[in-house]
Structure formats: C-alpha cells, structure tokens
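Asks: Below you'll find the structure I mean.
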Amino acid sequence: MDNLEDILDVLNNNGIILYPTDTIWGLGCRSDRQDAVEKIFNLKKREKSKPLSVLVSSLSMLHETVLDVHPRIETLLLYHTKPLTLIYKKAKNIQPPLADQSGSLGVRLTSEPFCKKIIDALGVPLVSTSANLSGNPYPKNFKEINMELIEKVDYVVKYRQTELTVSEPSVIAKFNKEGDLDFLRT
C-alpha cells in the first residue's frame, strides 16, 4: 500500500504523482510550485494556453483558492450527482499557466477519500489533469495509461491500480453573467 509520507515527500520536493481521482487517473503536483506545474505541462506535451485544474478537499479550501464563490455553490456541490469541475473567474495565489491569462481556474471539490487525505496533509490544492499525452484519449483505468507517463512521473500511486471500472472525466461548467450554469462538458 501507499505511504502518505512518501507521497508528500515527492510533492513537497516539486515532484509529480500519478494518482486516481474521483473521476479518472490524473497527474498531480502542488498547486503552489511553479516548477512542478511546468513539469506537468512538459510531460503531457500540453500547450501553456490550456490551463490545468486543481482539486480541493473542502469548501473552506475552495474559498481560499478562488474569489467570488457563487452563493449557491454549496447546494450545487452537495446535490450534483457527477463530479463537477467549475471554472471560476479569479484564482487567488495561483498564477499562469496553472490559471489562464485572465486568472480563471478550474476547481473540483473531490469526493475521493484518498485525494482528500493528500490535499489535507499538503494544505494546498492538488493539480489534477488527465494522465494522458495532450491530444490523446484519457485513460479509462490504470491499465490504459501510456507507459511513457508512468516512467516519467516521480511516484505512481498503487491504490486502485487493479480496478477495471471504466471511469469518465468530470462535468465542467461555469457561471454565466446571469448567474446560471453553462455546461462545457457533460
């Protein structure tokens, strides 16, 4: 099994982990480590104009991460049946390329207990981007992850590797000017 201290050691030293989320397998690092964020972009061969998302473990961490949290967000997050990544207009203390040039950021309140444990121990959001090379399909389970990625990360989480359940990415939405949700991916 995975030792949380080993994972934290990697993350605290600008490392990249490959880990299961509440949706699909992801690549992650500390959101406050620019060098590690850059490593993920390079590893995925992703354009810097396409920002990454982060996972938070609580509503209080969400409020610490973005400005202007919509007043109905708590109700939405409690009752939405699928994992939901929301695009917020302004991030706090998160710079491009993790946030886009305007400062907007995708954030998901994770329901995965393992992820919550990591994030709580870090005290900062965890970067979360699909474990695939840019332009390629996302992995539906661990067995579909490209070996190039597995070999280049600093730590591969063992938890849930043997699951064969087909996973889907999160729903993505943002609030429009009227305060209603516009769904970008369902």
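Asks: Suppose the filter is in contact (Cβ under 8 Å) with a residue 24 or more places away in the chain, part of a helix (DSSP H, G or I) and open to solvent by 70 Å² or more (accessible area, probe 1.4 Å); does Asp6 pass it?
Replies: Yes.
Asks: Here is a follow-up. So which residues in segment 143-162 are in contact (Cβ under 8 Å) with a residue 60 or more places away in the chain, assigned to a loop (DSSP other than H, G, I, E, B) and open to solvent by 70 Å² or more (accessible area, probe 1.4 Å)?
Replies: Asp154, Lys158 - these are the residues of segment 143-162 that are in contact (Cβ under 8 Å) with a residue 60 or more places away in the chain, assigned to a loop (DSSP other than H, G, I, E, B) and open to solvent by 70 Å² or more (accessible area, probe 1.4 Å).
Asks: Residues of segment 73-129 being polar (S, T, N, Q) and open to solvent by 10 Å² or more (accessible area, probe 1.4 Å), which ones? I'd like the intermediate steps shown before the answer.
Replies: Step one: list which residues in segment 73-129 are polar (S, T, N, Q), which gives 75, 81, 85, 93, 95, 101-102, 104, 110-111, 128-129.
Once the filter is applied, which keeps residues that are polar (S, T, N, Q) and open to solvent by 10 Å² or more (accessible area, probe 1.4 Å), segment 73-129 yields Thr75, Thr81, Asn93, Gln95, Gln101, Ser102, Ser104, Ser111, Ser128, Thr129.
Asks: How many residues, within segment 9-35, are within 16 Å of the chain's Cα centre (by Cα), surrounded by fewer than 23 Cβ atoms within 10 Å (Cβ to Cβ) and in a helix (DSSP H, G or I)?
Replies: Count: 1.
Asks: Condition first: within 11 Å of the chain's Cα centre (by Cα) and over 18 Å from Leu27 (Cβ atoms). Now tell me which residues in segment 85-130 satisfy that.
Replies: Leu109
Asks: Another question, if that's okay. Being of a type in the set (Lys, Arg), open to solvent by 30 Å² or more (accessible area, probe 1.4 Å), closer than 26 Å to Gly135 by Cα and in contact (Cβ under 8 Å) with a residue 40 or more places away in the chain: is that true of Lys50 here? Outline the logic, then answer.
Replies: Working: of a type in the set (Lys, Arg): yes; open to solvent by 30 Å² or more (accessible area, probe 1.4 Å): yes; closer than 26 Å to Gly135 by Cα: yes; in contact (Cβ under 8 Å) with a residue 40 or more places away in the chain: yes.
Criteria met by Lys50.
Asks: If I ask for residues that are within 16 Å of the chain's Cα centre (by Cα) and either open to solvent by 50 Å² or more (accessible area, probe 1.4 Å) or in contact (Cβ under 8 Å) with a residue 60 or more places away in the chain (or both), which ones from segment 37-47 would you list? Before you say what the answer is, go through the steps one by one.
Replies: The initial filter retains those residues of segment 37-47 that are within 16 Å of the chain's Cα centre (by Cα), namely 37-41, 43-44, 46.
Across segment 37-47, the qualifying residues are Val37, Glu38, Lys39, Ile40, Leu43, Lys44, Arg46.
Asks: While we're looking at this one, here's another question. Pro96 is checked against (1) touching a Ser or Thr at 6+ places or on another chain (Cβ under 6 Å); (2) closer than 16 Å to Lys50 by Cβ and fails just one. What number does that condition carry?
Replies: (1)
Asks: Could you check how many residues of segment 167-179 are surrounded by 10 or more Cβ atoms within 10 Å (Cβ to Cβ) and modelled with pLDDT under 90?
Replies: Narrowing segment 167-179 to residues surrounded by 10 or more Cβ atoms within 10 Å (Cβ to Cβ): 167-175.
Filter once more, so that each one left must be modelled with pLDDT under 90: 175.
Matching residues across segment 167-179 total 1.
The values are calculated or read from the model by the stated rules, or taken from the named source; none is laboratory data. It should be emphasised that the depicted structure is a prediction, and the values quoted were computed from it without experimental measurement. No Cβ is skipped: glycine too gets one built from the backbone with ideal geometry, and neighbour counts run over all protein chains shown. Remember, those area values only see protein heavy atoms, side chains included, never the ligands or the DNA or RNA. Shrake-Rupley method; radii C 1.70, N 1.55, O 1.52, S 1.80 Å.
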